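Structure first, commentary second.
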Amino acid sequence: MDDPCQYTLFDYWRSSASYRVRIALNLLDLPWHGVTVDLLAGSHRQPEYVARNPQGLVPTLTVDGIDLTQSLAIIEYLNETVPGARLLPIDPAARHRVRSLSYSIAMEIHPICNLSVARHVAELTGGGQEATIAWMQRFIGGGLANVEEMLRQGEEGAFCHGNTPSMADCCLIPQLYNARRWGIELGAFNRICAIESACASIPAFVAAHPDSVRPSA
Ligand SMILES: N[C@@H](CCC(=O)N[C@@H](CS)C(=O)NCC(=O)O)C(=O)O
């Protein structure tokens, strides 16, 4: 019998880049299954995984024998190939806004707040765990303050842009999960908190949450 799951996601439950793609796959109601790449065990550096993803990063989405890397490029691929997908709006100005919000998280906040970066800062400064936490709080907190401002300036709606979830929501929700891990206070970010509540009521977001996909010990 043919495998109905045409989409195989190589991911790690706690990775926010993987979490973005899980949300997108669920929002599009696609049949997918996950394969764990255990970052703690170093599985992402093993030759068979690096053959799929030369950067040695998660996620990778395999579709029809093609290995797709980089979470935002994956989401855009899905948007372009799944009939009726609206993870990016059609109108160019609206599409720009969704990309701009997404990039402000995935390209400004996420790369400098990868654990390996923050740990390196701690090593260079000799500041230990305290330096790691201070780094995360400074750059995740500051980055989200900018996102809150961007959200306030644009179109009102239940989600980042308008009343349906987009690629920007796929980026925001994992970043909030990550922010909480580092004890960042989010209460002052009214727009962000309202969007988070709206997403929490959607099964696609709930099913993609790290606690929903964490492999049992
Ligand atoms: N820009 C990449 C970022 C991917 C990324 O940084 N993944 C992290 C987990 S969230 C990872 O694989 N880290 C492993 C490592 O740094 O060794 C994307 O959006 O896919």
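The values are calculated or read from the model by the stated rules, or taken from the named source; none is laboratory data. For clarity, every value in this text was computed on a predicted model and none was experimentally measured. Here Cβ is always computed from backbone atoms with ideal geometry, including for glycine, and neighbour counts include all displayed protein chains.
Condition check ((1) crowded, with 16+ Cβ neighbours inside 10 Å; (2) in the same structural domain as Leu28 (by TED's automatic domain parsing); (3) of a type in the set (Gly, Ala, Ser); (4) touching a Ser or Thr at 6+ places or on another chain (Cβ under 6 Å)) across all residues:
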site: Thr60; (1), (2), (3), (4): yes, yes, no, yes
site: Gly65; (1), (2), (3), (4): no, yes, yes, no
site: Glu80; (1), (2), (3), (4): no, yes, no, no
site: Arg97; (1), (2), (3), (4): yes, no, no, no
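Taken over the range 1-21, residues that are at pLDDT 95 or above and more than 12 Å from the ligand (Cβ to nearest atom) amount to 2. Could you please let me know if Tyr77 is hydroxyl-bearing (Ser, Thr, Tyr), within 15 Å of the ligand (Cβ to nearest atom) and in contact with a strand residue (DSSP E or B) (Cβ under 7 Å, 6 or more places away or on another chain)? Yes: the conditions hold for Tyr77.
When the range 30-67 is limited to residues that are assigned to a loop (DSSP other than H, G, I, E, B) and of a type in the set (A, V, I, L, M, F, W, C), the one that is farthest from Ala208 (Cα to Cα) turns out to be Ala51. A single entry from Leu27, Leu72 fulfils the requirement of being within 20 Å of Pro210 (Cβ to Cβ), near the ligand (Cβ under 8 Å from one of its atoms) and surrounded by 13 or more Cβ atoms within 10 Å (Cβ to Cβ): Leu72. Within the range 30-47, the set of residues being in contact (Cβ under 8 Å) with a residue 24 or more places away in the chain and away from the ligand (no atom under 12 Å from the Cβ) comprises Leu30, Pro31, Trp32, His33, Gly34, Val35, Thr36. Screening the range 3-24 for residues that are in contact with a helix residue (DSSP H, G or I) (Cβ under 9 Å, 6 or more places away or on another chain) and hydrophobic (A, V, I, L, M, F, W, C) and picking the one that is surrounded by the fewest Cβ atoms within 10 Å (Cβ to Cβ) gives Trp13. Checking Leu172, Leu176, Leu186 one by one, the residue that is in contact with a Lys or Arg (Cβ under 8 Å, 6 or more places away or on another chain), in the same structural domain as Leu151 (by TED's automatic domain parsing) and modelled with pLDDT of 95 or more is Leu186 and no other. Selection of the range 163-201 for residues being of a type in the set (Val, Ile, Thr), more than 22 Å from Cys113 (Cα to Cα) and in a helix (DSSP H, G or I) yields only Ile195.
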